[in-house]
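Written below as structure tokens is the structure these notes are about.
The values are calculated or read from the model by the stated rules, or taken from the named source; none is laboratory data. Treat the numbers as computed from the prediction; the structure is a model and nothing was measured. Heads up, the Cβs are rebuilt from the backbone with ideal geometry, glycines too, and the neighbour counts pull from every protein chain shown.
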Amino acid sequence: MSEALTKIVVDCASGEQKIVPLTAAEIAQRDQDAAAALEAEAERVAAAEALAELKASARAKLIAGTPLTEEEAAVLVI
């Protein structure tokens with residue numbers, strides 16, 4: 001990264017604003033938080049896709065007249 005990462009520090013009493021560089025610890029925490037957010041989003045997408053596949057399977061079985069699994073039945077119950 002070519003430019004230094006910064007933060008704005010505001011003194012609420014005086015209204016003074018300062019732009020200061022992030023510390024190494026803050027940068028490391030920022031990177032950890034970004035990685036955790038990416039992982040959480042990937043898990044959310046995978047869960048949504050699995051639910052959509054389960055619903056599609058249940059609908060197909062209903063149309064075909066074949067028995068549903070308990071999990072498929074649970075997903076269709078409103």
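From the list L68, L54, L62, pick out the single residue that is in contact with a helix residue (DSSP H, G or I) (Cβ under 6 Å, 6 or more places away or on another chain), at pLDDT below 95 and either assigned to a helix (DSSP H, G or I) or of a type in the set (G, A, S) (or both). Answer to the check: L54.
The test for being modelled with pLDDT under 95 and hydrophobic (A, V, I, L, M, F, W, C) does not hold for A40.
So if I check each of I63, I19, I8, I27, which one is among the hydrophobic types (A, V, I, L, M, F, W, C) and surrounded by 10 or more Cβ atoms within 10 Å (Cβ to Cβ)?
Within the list I63, I19, I8, I27, the selection yields I27.
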